[in-house]
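Below is one structure, written out as structure tokens, with a few remarks after it.
The values are calculated or read from the model by the stated rules, or taken from the named source; none is laboratory data. Being a predicted model, the structure only gives us computed values, none of them experimental. When we count neighbours, we look across all protein chains shown, and the Cβ atoms used for this are built from the backbone with ideal geometry, even at glycine.
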């Protein structure tokens, strides 16, 4: 996936070329285009425990948000005329 976004070939992973600049892997560095990386794209899959923790955290956040934004119960003043 990284090669796809960098728009480079597999020779980029060649350990014999580890100290070469990234430009040496491009045919024309002046016109080389990278693939646009959308926000929140993750290169690596999450471990199952991370996913469970994420769902638990989201549930806790929703609950605390609901509790904070619950409308306050105020008595209605019926003496006020509209």
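Scanning region 33-82 for residues that are in contact with a helix residue (DSSP H, G or I) (Cβ under 8 Å, 6 or more places away or on another chain) and at pLDDT 70 or above returns 34, 35, 37, 46.
Of the residues making up region 1-19, those that are at pLDDT 90 or above and in a loop (DSSP other than H, G, I, E, B) are 7, 8, 9, 14, 18, 19.
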